[in-house]
Amino acid sequence: QIFDPADELIEGASVKAPQSYRNAETDSDGVAFITGLEKNRPTDIVLDTDSLDDPFLAPSRESRSIVPRPGHVQQIDIPLSMTGEIDGTVLAKTGDGFEKPLPNVRVQLMDGTGRVVNEVRSEYDGFYYFQKVFPGTYSIRIQSGDGETPYQQEGLEGIEIESEGSMVSGKDIVLETEMVAGRESSEDAGPLSLQPAGLAAVPGAGELHDRPQK
């Protein structure tokens with residue numbers, strides 16, 4: 001979060017003051033100088049991430065708000081970090097040994113303190129995807145239903161996103177299912193009740209280029 005000689009300055013990034021309808025682009029020194037702000041009117045200072053050349057860069061700090069004062073120049077640093085991705089598939093293991101995708105399952109990403117930092121729903125084919133994950137150590141769990149205790153998957157802990165960004169794929173979640181009475185194990189079977197079961201976790205590979213940012 002502090003600029004040092006190992007960091008790079010970003011040129012051509014757009015910084016906005018949305019409440020004042022003003023913006024400016026950073027120069028070769030990484031500085032955007034926004035003028036014409038209305039005095040004593042609070043405004044946010046926001047980086048337009050679409051203006052960044054690298055889509056894996058993201059601000060590692062929330063946007064700031066200022067109250068402009070006449071004759072005063074306020075400096076705000078916007079540190080950027082490389083981010084990574086984590087993906088996998090949620091599958092149901094049926095009684096006859098088949099595995100079928102589970103759609104619309106709540107999948108939660110937790111940081112090293114156990115705090116949920118992101119939540120997504122699995123797609124129609126069971127696929128889930130976390131994007132713009134900041135460097136750190138993470139674990140994944142599913143929430144089987146509103147108000148129920150989340151199930152922590154063994155083997156889906158200690159997922160590392162490196163400082164240069166990492167792409168971690170194949171973190172699959174395999175769960176047992178209890179089929180609705182009278183239903184066969186088929187595509188037209190009724191709703192499934194998730195139960196903790198065996199897990200298939202395949203660590204991903206692939207890394208992004210190392211570009212410390214500020």
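The values are calculated or read from the model by the stated rules, or taken from the named source; none is laboratory data. Only a predicted model underlies this, so the values are computations on that prediction, with no experimental measurement involved. Every residue, glycine as well, gets a Cβ built from its backbone with ideal geometry; the counts of neighbours run over all protein chains shown. For the accessible areas, the whole protein counts, side chains as well, though only heavy atoms, and no ligand, DNA or RNA atoms are used. Shrake-Rupley method; radii C 1.70, N 1.55, O 1.52, S 1.80 Å.
Remarks
- Amide H to amide H, with H built 1.01 Å from N, ASP172 comes under 5 Å of THR89, VAL202, counting only residues 5 or more places away or on other chains.
- With q set to 0.11, 0.18, 0.20, 0.22 Å⁻¹, the log10 of I(q)/I(0) for region 1-95, from the Debye formula over equal scatterers at the Cα positions, is -0.41, -0.87, -1.03, -1.19.
- The slack between TYR129 and GLN74, meaning 0.36 nm per residue of separation minus the straight C-alpha distance, is 15.9 nm.
- Projecting the Cα atoms of GLY95, GLY12, PRO135 onto the charge dipole of region 1-141 (Cβ charges, centred on the Cα centre) puts GLY95 farthest toward the positive pole.
- Of LYS16/LYS132; LYS16/LYS171; LYS16/LYS39; LYS93/LYS132, pairs whose Cα-Cα distance is over 26 Å: LYS16/LYS171; LYS93/LYS132
- Estimated inter-spin distance, PHE33 and GLN19, nm [label 7 Å along Cα→Cβ]: 2.5 nm
- The mean sequence separation of alpha-carbon pairs under 8 Å and at least six residues apart, normalised by the residue count of region 1-143, gives a relative contact order of 17 percent.
- Pairwise FRET efficiency - THR49 versus GLU8, Cβ, R0 = 22 Å, nearest 0.05: 0.85
- When peptides 97-108, 62-73, 162-173 are sorted by average Cβ neighbour count within 10 Å, with the highest value leading, the order is 162-173, 97-108, 62-73.
- Probe 1.4 Å, all protein chains present, accessible-area order of ARG121, ARG141, ARG115, ARG61, largest first: ARG115, ARG121, ARG61, ARG141
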